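Student: Input: one structure, supplied below.
Readers should treat all values here as calculations from the given coordinates under stated rules, not as data from a laboratory. Just so it is clear, the structure is predicted and the values come from calculations on it, not from any experiment. FYI the Cβ positions are ideal-geometry reconstructions off the backbone, even for glycines, and counts take in every protein chain you see.
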Amino acid sequence: MSDQYRTEIAGHELSPESLMMGYGYKPEWSEGALKSPIFETSTFTFTSAAEGKRFFELAYGLDDPDEGESMGLIYSRINNPDLEILEQRLTLWDGAEQGLVFASGMAAITTTILTFVSPRSVLVHTAPLYGGTDHFVHHVLSRFQVESVEWHDGMTPDDVAAEVGDRPLAGVLLESPANPTNCLFSIAAARELADRYRTPDNAVPVMVDNTFLGPLFQHPLKHGADVVLYSATKYIGGHSDLIAGAALGSDTLMARVAETRTILGTMATPHTGWLMMRSLETLALRMTRQMENAQKVARYLATHPKVDKIAYLGLLKPRDDGYDVYTAQCEGPGAMISIWIDGGESEAFRFLDSLQLAHLAVSLGSTETLVQHPASMTHAGVDPGDKDRFDVTDALIRISIGVENPDDIIADLSNALDKI
């Protein structure tokens, strides 16, 4: 983190909630503007040819920066003030050295993974995965001879290592909580597995998709992860009006990911960066309200006769699967609820079509409550056998709780359940 911005007052450390209002930016840079302008420009001018040469040497890793030196602005595919300010602010939530923002959550995931895999290497991944990630792992990486090993609930690091064998392990990808089942996986166990294969020439990063709990309720880097991934469209953006992704980690690893991002061109736009800076100012307020609402809604749904099963982290008890992992690495239950209703697709669709306040739509983490049917929507492309194995059935409904009055949300869900 840069020391040129105030992070404490008289020895009192400022929290991320406060630093979101201005960290990484000084009004005097922009005629006293309180908020950073939107730098809608494709390219930036150099003061000299030598300066341009030096910036490109740093951008393409042709030389290491001198102490205190940083790469200047070149081209908005490489860097842009809005994105740089945003990236600095994002590091504060997860305690990362460096952050990168992308054009979408999938851009963040795919760019990061492509940085570390190579032909005939192995990517270990937890299961289930979000449908887009599942497709990338099984139908895109496989075309480039990248192999995958599934880490499902109940497997130990020894079990996974036996599956990997002596093949080179490129990295470990965790989605925890898993989309859409809220299944939890141990970051510490993933760290143990990765360390068995790590060499001076092979970083074997542990990458955690933290989208479900967002920057507030889980901080994977503190528990042994190397990279935190987000679909920033979700809680970070939080208003259903932008598409973005983020990756955060050490300076060393993020420098490698940044090189891949530059070549693939997967970075976010300046306007998207500006919108996310706006959203970060209310992130703690929104996520806290959503969690409080979800706790009340989950307690109601857990006793409803037409709900066969519910998965919500806030309902976990000491003897439940996942409880130990939850208490070890999570700081709150978040606002994602999965329910399995009494019935199948026709009953699920009847429920979804009866909603009046909540919106029948994919995505999550926004101010409005969003409800969808994973088996036929976000996870439609997942192998049918895999959906069955991981309980992504026709009875499953995923609910992202918003900031509405919780009693109103309950009334809407209750009315829809009565229609089944």
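Student: In 5 Å bins starting at zero, report the fraction of Cα pairs in the range 1-46 per bin as a rounded %.
Tutor: Reading upward from the zero bin: 5, 17, 21, 21, 18, 10, 5, 3, 0.
Student: Something else: Run the quick spin-label model on Phe46 and Tyr323: label points 7 Å from Cα toward the beta carbon, then report their separation in nm to one decimal.
Tutor: 6.3 nm
Student: Moving on to the next point. So what is the relative contact order for the range 283-418, in percent, with contacts set as C-alpha pairs under 8 Å and at least six apart?
Tutor: 30 percent
Student: Ok, one more. Are there trypsin sites (Lys or Arg not before Pro) in the range 22-83 that DSSP puts in a loop and that have at most 15 other Cβ atoms within 10 Å, and which ones? Working shown, then result.
Tutor: On the way: sites: Lys35, Lys53, Arg54, Arg77; in loops: Lys35, Arg77.
Filter output for the range 22-83: Lys35, Arg77.
Student: How large is the dipole of the range 283-418 about the Cα centre if only Lys and Arg carry +1 and Asp and Glu carry -1, each at its Cβ, rounded to the nearest 20 debye?
Tutor: My answer is approximately 320 debye.
Student: Once Lys and Arg get +1 and Asp and Glu get -1 on their Cβ, which of Thr181, Gly68, Val208 lies farthest toward the positive end of the dipole of the range 14-280?
Tutor: Thr181
Student: Next up: To one decimal place, what orientation-averaged projected area in nm² is obtained for the convex hull of the Cα set of the range 276-341? Write down the numbers at each step before the final one.
Tutor: Working: hull surface 21.7 nm².
Seen from a random direction, the Cα hull of the range 276-341 projects 5.4 nm² on average.
Student: Can you give me the angle between helix 105-116 and the longest principal axis of the chain, using Cα atoms only, in degrees from 0 to 90, rounded to the nearest 10?
Tutor: 60 degrees
Student: Could you derive backbone 3J(HN,Hα) for the range 365-372 from the dihedral phi with the Karplus parameters 6.51, -1.76 and 1.60 (θ = phi - 60°), listing whole Hz in sequence and x where the residue is Gly or Pro?
Tutor: Going residue by residue, I get x, 8, 5, 8, 6, 10, 10, 8 Hz, with x marking Gly and Pro.
Student: In addition: If packing is taken as the average number of other Cβ atoms within 10 Å across a peptide's residues, how do 279-292, 139-152 rank, most packed first?
Tutor: 279-292, 139-152
Student: Could I ask something else about it? Report the percentage of all Cα-Cα pairs in the range 37-151 whose separation exceeds 16 Å, rounded to a whole percent.
Tutor: 71 percent
Student: Go through Ile341, Thr288, Ala380 and say which Cα lies farthest out towards the positive end of the charge dipole of the range 283-418; charges sit on Cβ, +1 for Lys and Arg, -1 for Asp and Glu.
Tutor: Result: Thr288, furthest along the dipole toward the positive end.
Student: Does a label point 7 Å from the Cα of Leu14, set along Cα-to-beta-carbon, have any residues of the range 267-283 with amide nitrogen under 15 Å, and which are they?
Tutor: Counting only backbone N, you get 281-282.
Student: To continue, here is another question. One-quarter of the Cα convex hull surface for the range 204-248, in nm²?
Tutor: The Cα convex hull of the range 204-248, projected and averaged over all directions, gives 3.0 nm².
Student: Still on this structure: Could you list, in their original order, any pairs among Lys53/Lys222; Lys35/Lys234; Lys317/Lys419; Lys222/Lys306; Lys296/Lys419 whose Cα atoms are separated by more than 29 Å?
Tutor: The answer is Lys53/Lys222; Lys317/Lys419; Lys222/Lys306.
Student: Hey, another quick one. Take every DSSP beta bridge whose two residues both sit in the chain, then give the antiparallel share in percent to the nearest 5.
Tutor: In the chain, approximately 60 percent of DSSP beta bridges are antiparallel ones.
Student: Which whole-number percentage describes the relative contact order of the range 1-134, with Cα contacts under 8 Å and a sequence gap of 6 or more?
Tutor: Answer for the range 1-134 is 21 percent.
Student: Taking θ as phi - 60°, what are the ³J(HN,Hα) couplings along the range 258-263 by the Karplus curve (6.51, -1.76, 1.60), each to the nearest whole Hz, with x for Gly and Pro?
Tutor: 4, 4, 5, 4, 4, 6
Student: Can you order the peptides 87-97, 406-416 by their average number of other Cβ atoms within 10 Å per residue, highest first?
Tutor: 87-97, 406-416
Student: Return the sequence-ordered ³J(HN,Hα) values of the range 241-256 in whole Hz as given by the Karplus equation 6.51 cos²θ - 1.76 cosθ + 1.60 applied to θ = phi - 60°, using x for Gly and Pro.
Tutor: 10, 8, 10, 6, x, 8, 9, 9, x, 6, 4, 5, 5, 5, 5, 5
Student: Name the residues whose placed amide hydrogens come within less than 5 Å of the amide hydrogen of Thr211, ignoring near sequence neighbours (fewer than 5 apart) on the same chain.
Tutor: Here the answer is Ser231, since their amide H atoms fall under 5 Å of that of Thr211.
Student: Okay, moving on. Build a GNM of the chain with springs between Cα atoms under 10 Å: which of Glu57, Glu345, Glu259 gets the top mean-square fluctuation?
Tutor: Glu57
Student: Now a separate question. Taking amide H positions as placed 1.01 Å from N in the peptide plane, with prolines and chain starts having none, which residues 5 or more places from Val149, or on another chain, fall under 5 Å of its amide H?
Tutor: Answer set, sorted by chain and number: Leu123, Val124, His125.
Student: Can I ask one more? By counting other Cβ atoms within 10 Å of each Cβ, how are Ile78, Ile236 ranked from fewest to most?
Tutor: Ascending Cβ contact count within 10 Å gives the list Ile78, Ile236.
Student: Taking Cα pairs under 8 Å and at least six residues apart, what relative contact order does the chain come out at, in percent?
Tutor: 16 percent
Student: Mind ranking 210-220, 20-30 by how tightly packed they are, going by the mean number of other C-beta atoms within 10 angstrom, highest first?
Tutor: Top of the packing list down: 210-220, 20-30.
Student: In nanometres, what is the gap between the two model label sites at Lys296 and Asp195, each 7 Å from Cα along Cα-to-Cβ?
Tutor: For Lys296 paired with Asp195, the spin-label model returns 4.4 nm.
Student: For the range 283-418, what ratio Rg/Rh do Cα atoms give with a Kirkwood hydrodynamic radius? Spell out each step's value before the answer.
Tutor: Working: Rg = 14.5 Å, Rh = 15.3 Å.
Dividing the radius of gyration by the Kirkwood radius yields 0.95.
Student: Follow-up. Given the options Ala127, Ala33, Ala103, state which has the largest fluctuation in a GNM of the chain using a 10 Å cut-off (strictly under) for Cα springs.
Tutor: Ala33
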